[in-house]
Amino acid sequence: MFTSASDVRSEVESFAPYEAGLSIAEIQQKYGLARVIKMASNENPLGTSPVVQAAVQRHAGQAFRYPQAGNPRLVQALAAHLGIDPAHLFLGNGSDEVIDLLFRVRAVPGVHHAVAFKPCFGIYTTQACLNGVSLRQAPLGSDFHLNLNALSALIDENTSLVFITSPDNPSGATIKAAELAAFAQALPPACLLVVDEAYIEFASSLNEYSLFSRIASGELTNVALLRTFSKLYGLAGLRVGYGILPSRLAEYLWRVRLPFSVNILAEEAVLAVLEDRAFQEESRRVVLAGRAQLTDGLRALGCVVYPSQANFLLVKPLCSARALNQALLQRGLIIRTLGAYDLPDHVRISVGTAEENTFLLQAMAEILPNFRRS
Ligand SMILES: *Cc1c(COP(=O)(O)O)cnc(C)c1O
């Protein structure tokens, strides 16, 4: 056994795993650095809310317990927080799990396909592949705008899922809710539009950019929204994401989900952070101020910075992205290169605290002239 490729499914044999950002520990060890700043994975620059830390500590003694199947307390609290019927909610081990289950529940391998932009968030690609579902990809427009006409051209009666990320990762581009609603209304009857709103809390206006109110009101019945506690709420390591879905679809997802995918401490952390409005507001304030600081600073250094409504910037530096990344790593700064997204000349930089952003801008100011001369 396991001496030839035929011992595993063909999707597994050819599988290219998701490429995560480098870790702080990895870079500290490699370069012998005391301090490393990670601006690579769009995590919350303020860290974990102290209110959440206290809640997790308070409940640490419950770690031996399974969570209540279906996390009903969390579903109720989240429904109240959003002002939506709990029947429309589904919770997963990060929105990554929701994406995987949407493929498994909606798409029949060899019959259906999914549609997304190129480049797109890596998990759409990996889970399509693993589930044996082909993913058709439409190029983003010039300057990375989300060109819905290009998506439409790939959609037919066998399209079961269309993924749009808004604000988009890695481009930061956003599309207006009114345009998305018109797009959803024109889809073939068997097609579900999935709008991944992982970064929606950082957009200038929820009303203008989120389909939430149109789904809550029942106006749109063929749309799923994905949200996460990994970004604004600062809980990436605890893995909680959710879908706002047509209730029939939510029922099927609950039916097939592994029973305990959102654990007890994650549940307590989310309950705590939902109450912690001050942390949510401060996180948003720091990111919006930092986004402006980095945009201005990087442009002043001659970089192309694309407009972003997320907590990161897509940047085209004056020099090789690889060389810049190497030089920053040596100074203890982790940013994200985008080879995995087919953007080898670009980097993605997560917004940090004011102090971290200043440190990055200073490092770049020192690095870039050297590269230009050579
Ligand atoms: C970060 C991110 C998510 C969130 O993933 P989790 O599994 O909830 O941590 C989802 N979609 C996109 C596009 C993201 O960038």
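The values are calculated or read from the model by the stated rules, or taken from the named source; none is laboratory data. As the structure is a computational prediction, the values presented were derived from the model and not from experiment. Neighbour counts run over all protein chains shown; Cβ positions are idealised from the backbone, glycine included. Note: areas computed on protein heavy atoms with side chains; ligands, DNA, RNA excluded. Shrake-Rupley method; radii C 1.70, N 1.55, O 1.52, S 1.80 Å.
Condition first: under 18 Å from LEU324 (Cα atoms) and crowded, with 20+ Cβ neighbours inside 10 Å. Now tell me which residues in the range 31-50 satisfy that.
Scanning the range 31-50 gives VAL36, ILE37, LYS38, MET39, ALA40.
Residues ALA55, ALA79, ALA63, ALA87: which one is of a type in the set (Gly, Ala, Ser) and surrounded by 20 or more Cβ atoms within 10 Å (Cβ to Cβ)?
ALA55
Test each condition in (1) more than 30 Å from LEU271 (Cβ to Cβ); (2) part of a loop (DSSP other than H, G, I, E, B); (3) of a type in the set (Lys, Arg) for LYS30 and report the one that comes out false.
Evaluating LYS30 over (1) more than 30 Å from LEU271 (Cβ to Cβ); (2) part of a loop (DSSP other than H, G, I, E, B); (3) of a type in the set (Lys, Arg) leaves (2) as the failure.
Give the range 100-116 a look and list any residue that's in contact (Cβ under 8 Å) with a residue 40 or more places away in the chain and either open to solvent by 10 Å² or more (accessible area, probe 1.4 Å) or away from the ligand (no atom under 16 Å from the Cβ) (or both), or say none.
ARG104, VAL105, ARG106, ALA107, VAL108, VAL111, HIS112, HIS113
This table checks each residue for (1) in contact with a Phe, Trp or Tyr (Cβ under 9 Å, 6 or more places away or on another chain); (2) within 16 Å of the ligand (Cβ to nearest atom).
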{"residue": "GLU43", "(1), (2)": "no, yes"}
{"residue": "SER49", "(1), (2)": "yes, no"}
{"residue": "VAL52", "(1), (2)": "yes, yes"}
{"residue": "GLN57", "(1), (2)": "no, no"}
{"residue": "ALA63", "(1), (2)": "no, no"}
{"residue": "PRO67", "(1), (2)": "yes, no"}
{"residue": "VAL75", "(1), (2)": "yes, no"}
{"residue": "ILE84", "(1), (2)": "yes, no"}
{"residue": "VAL98", "(1), (2)": "yes, yes"}
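Can you name the number of the only condition in (1) in contact with a Phe, Trp or Tyr (Cβ under 6 Å, 6 or more places away or on another chain); (2) within 30 Å of VAL351 (Cα to Cα) that TYR31 fails?
Looking at each condition in turn, TYR31 falls short on (1).
Taking the range 144-172 as the region of interest, how many residues are within 24 Å of GLU201 (Cβ to Cβ) and surrounded by fewer than 19 Cβ atoms within 10 Å (Cβ to Cβ)?
Total satisfying the criteria: 1.
Scan the range 336-356 and report the pairs whose first residue is without any contact (Cβ under 8 Å) to a residue 24 or more places away in the chain and whose second residue is not aliphatic (A, V, I, L, M), with Cβ atoms within less than 7 Å and a gap of 6+ or a chain change.
THR337/ARG322; THR337/ASN325
Please verify whether the range 173-187 includes one or more residues that are open to solvent by 10 Å² or more (accessible area, probe 1.4 Å) and within 16 Å of the ligand (Cβ to nearest atom).
Scanning the range 173-187 turns up at least one residue that is open to solvent by 10 Å² or more (accessible area, probe 1.4 Å) and within 16 Å of the ligand (Cβ to nearest atom).
Tell me which residues, restricted to the range 1-27, are of a type in the set (D, E, K, R) and either touching an Asp or Glu at 6+ places or on another chain (Cβ under 8 Å) or not in a helix (DSSP H, G or I) (or both).
Once the filter is applied, which keeps residues that are of a type in the set (D, E, K, R) and either touching an Asp or Glu at 6+ places or on another chain (Cβ under 8 Å) or not in a helix (DSSP H, G or I) (or both), the range 1-27 yields ARG9, GLU19.
From (1) open to solvent by 20 Å² or more (accessible area, probe 1.4 Å); (2) over 21 Å from the mean Cα position of the chain (by Cα), pick out the condition that doesn't hold for ARG284.
All conditions are met except number (2).
Do we have ILE123 as of a type in the set (Val, Ile, Thr) and within 16 Å of the ligand (Cβ to nearest atom) here?
So ILE123 fits the description; yes.
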